[in-house]
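My questions all concern the structure below.
The values are calculated or read from the model by the stated rules, or taken from the named source; none is laboratory data. Model, not experiment: these values are computed from the prediction. Here the Cβ positions follow ideal geometry from the backbone for every residue, glycine too, while neighbour counts run over all protein chains shown. For the accessible areas, the whole protein counts, side chains as well, though only heavy atoms, and no ligand, DNA or RNA atoms are used. Shrake-Rupley method; radii C 1.70, N 1.55, O 1.52, S 1.80 Å.
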Amino acid sequence: MSVDRVPSASRADVTGKSALQLAGALQAGVLDATAVAAATLAAIADCGDPAIFTLLTAQRARTEAAAAAARLAAGRPASLLDGVPVAWKDLFALEGHATTAGAKVTAGDPPAPEDAAVVRRLKAAGMVTAGRVNMTEFAFSGVGINPHYGTPRNPWGGAVARIPGGSSSGSGVAVARGLVPVSIGTDTGGSVRIPAALNGVVGYKATRGRYPMDGVFPLSRQLDSLGVLCRTVADAVVVDAALCARPVPAVQAAPVAGRRIVVPETVVFDDSEPEVVAAAEAAIARLSAAGARVERRPMPALARVLGAQAEHGALVTAEAYVQHRHRLEGPQAAGMDPRVVQRARHGADIALADYITLTDIRTRMIAETEADIGDALLAFPTVARVAPRLDPLLADDVAFFSTNALMLRNTLIGNFLDWCGLSLPCGFGAGGLPVGLLLSAPAGRDDDLLAFGLTAEALVREAAGA
């Protein structure tokens, strides 16, 4: 982890607080923004896992916190989030730092001349940047392993090292451990929702294009979207408003009673651990008991998504190859994660005709599924299994690639079909490890999804204090 200088530890009570809990204490004057920043930086430095953060921006945090403290003292906060810390996945441009995207071959790139557009928006809202968090190299895996900067340990694993999920691995772990209340990630095939589910936090994937992408290191321009990892849906709502440059959130809680929820009987429960299915089904049953209209039916389109990619190749693989072709075909490949290299090179085998065919299929299927879903939401497990052990995946490529495919399966459907999604902790599976329930909606229905999530969250979390 790169550190520009960490101040001496402060013991302001911030660890594990939600964004709105901190915001309330800051607005009331119970906490001071500079003390919050100092305590946050100290907690990160003392956490014992140097693989969570790749960059700690201590000087920037102190400067931004001091400005927030002055505004709050004058009674002129920039927003409800003024003084609240945030961490950024290692592919958001931060002024003065190279954007490394979880890689070593980019470490010598020129520093970013300005912040990414979404970084500027949260800065304008008064949020304090604590640093950047780890990720899978170039965001190309749902497992979260990084051979260059280390792999953040899933905090639910205890003495057993378990995967954090990817690619926003550091984001999920940082929020789960209470080091920061909010981390901003990207989601191309599940990279916000997977680590959220495996680490027991909330993960909101916005509709692609909801936020500006300027200054975000790309993987797939057709599939890349941004999202929020946080502790509560209310946190996601208020951060989403700031990312949309809204002065206040437009989302208000919507009732569960009467809401149509479709539970697909195609693909999404296949090869799932029984405990994962049980936790998800119990959460759906609680929503039904509260008046939601649950419909269980086949959705052949979900199988067609996987079939189309099996036949024509994956969009993300084709676009990752184009994005990194100069690295994959040159000497930099030797300094990359061999598994990322292996997967990305498959993009060279995807013919232009297949790529165009796949994009045409995608366009038709987006319209078809939107008409099929109507005003309903979909509900199914975010990930088919709880976080597996890390060591077997480090040792065995076959185990790694099969696990990666299963981690991504349920979530990548939403990226292909341009859905927004909200992963909520819904209980625990084998070994007491977290399980996530994924609620999804067609593109552009983010406010509707979040509004339902505000009310549904307590019911979904009810089991075992999830």
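With the checklist (1) open to solvent by 10 Å² or more (accessible area, probe 1.4 Å); (2) in a helix (DSSP H, G or I) in hand, flag the one item residue 252 doesn't pass.
That leaves (2) as the condition not met.
Could you please find all residues in the stretch 369-403 being in a helix (DSSP H, G or I) and in contact (Cβ under 8 Å) with a residue 24 or more places away in the chain?
Selection gives 369, 370, 372, 373, 391, 393, 394, 397, 400, 401, 403.
Another question, if that's okay. Considering only residues that are closer than 28 Å to residue 211 by Cα and either more than 18 Å from the chain's Cα centre (by Cα) or surrounded by fewer than 19 Cβ atoms within 10 Å (Cβ to Cβ) (or both), which ones fall in the stretch 389-416?
Of all residues in the stretch 389-416, those closer than 28 Å to residue 211 by Cα come to 404-405, 407-416.
405, the sole residue that qualifies.
Could you list all residues from the stretch 55-107 that are assigned to a helix (DSSP H, G or I) and in contact with a strand residue (DSSP E or B) (Cβ under 8 Å, 6 or more places away or on another chain)?
Residues satisfying the conditions are 58, 60, 61, 64, 65, 68.
Is it true that some residue in the stretch 335-353 is without any contact (Cβ under 8 Å) to a residue 60 or more places away in the chain, among the charged types (D, E, K, R), in contact with a Leu (Cβ under 9 Å, 6 or more places away or on another chain) and within 23 Å of residue 144 (Cα to Cα)?
yes
Related question: Do we find that residue 240 is open to solvent by less than 10 Å² (accessible area, probe 1.4 Å), of a type in the set (Asp, Glu) and not in a strand (DSSP E or B) in this structure? It would help to see each step written out before you state the result.
Values: open to solvent by less than 10 Å² (accessible area, probe 1.4 Å): yes; of a type in the set (Asp, Glu): yes; not in a strand (DSSP E or B): yes.
It is true that residue 240 is open to solvent by less than 10 Å² (accessible area, probe 1.4 Å), of a type in the set (Asp, Glu) and not in a strand (DSSP E or B).
May I ask you to list the residues in the stretch 408-466 that are within 13 Å of residue 198 (Cα to Cα), touching a Lys or Arg at 6+ places or on another chain (Cβ under 6 Å) and among the small types (Gly, Ala, Ser)?
Once the filter is applied, which keeps residues that are within 13 Å of residue 198 (Cα to Cα), touching a Lys or Arg at 6+ places or on another chain (Cβ under 6 Å) and among the small types (Gly, Ala, Ser), the stretch 408-466 yields only 423.
Residue check: is residue 453 in a helix (DSSP H, G or I) and surrounded by fewer than 20 Cβ atoms within 10 Å (Cβ to Cβ)?
no
Starting from residues that are under 26 Å from the mean Cα position of the chain (by Cα) and open to solvent by less than 20 Å² (accessible area, probe 1.4 Å), keep the ones in the stretch 328-360 and report whichever is nearest to residue 305 (Cα to Cα).
358
List the number of the failed condition for residue 306; all other conditions in (1) out of contact with any helix residue (DSSP H, G or I) (no Cβ under 7 Å at 6 or more places or on another chain); (2) over 27 Å from residue 318 (Cα atoms) hold.
Only one criterion in (1) out of contact with any helix residue (DSSP H, G or I) (no Cβ under 7 Å at 6 or more places or on another chain); (2) over 27 Å from residue 318 (Cα atoms) is unmet by residue 306, namely (2).
Another question, if that's okay. Do we find a residue being in contact with a helix residue (DSSP H, G or I) (Cβ under 9 Å, 6 or more places away or on another chain), under 30 Å from residue 359 (Cβ atoms) and open to solvent by 20 Å² or more (accessible area, probe 1.4 Å) anywhere in the stretch 288-295?
no
Take residue 25 and tell me if it is modelled with pLDDT of 95 or more, more than 23 Å from residue 164 (Cα to Cα), open to solvent by less than 60 Å² (accessible area, probe 1.4 Å) and assigned to a helix (DSSP H, G or I).
yes
What strands (runs of 3 or more DSSP E) lie completely within the stretch 108-222 and have 3 or more residues being open to solvent by less than 10 Å² (accessible area, probe 1.4 Å) and more than 21 Å from residue 276 (Cβ to Cβ)?
In the stretch 108-222, the matching strands (runs of 3 or more DSSP E) lie at 128-133, 182-187.
Kindly provide the set of residues from the stretch 255-283 that are of a type in the set (Asp, Glu), open to solvent by 70 Å² or more (accessible area, probe 1.4 Å) and outside any loop (DSSP other than H, G, I, E, B), ordered by number.
The one that is of a type in the set (Asp, Glu), open to solvent by 70 Å² or more (accessible area, probe 1.4 Å) and outside any loop (DSSP other than H, G, I, E, B): 275.
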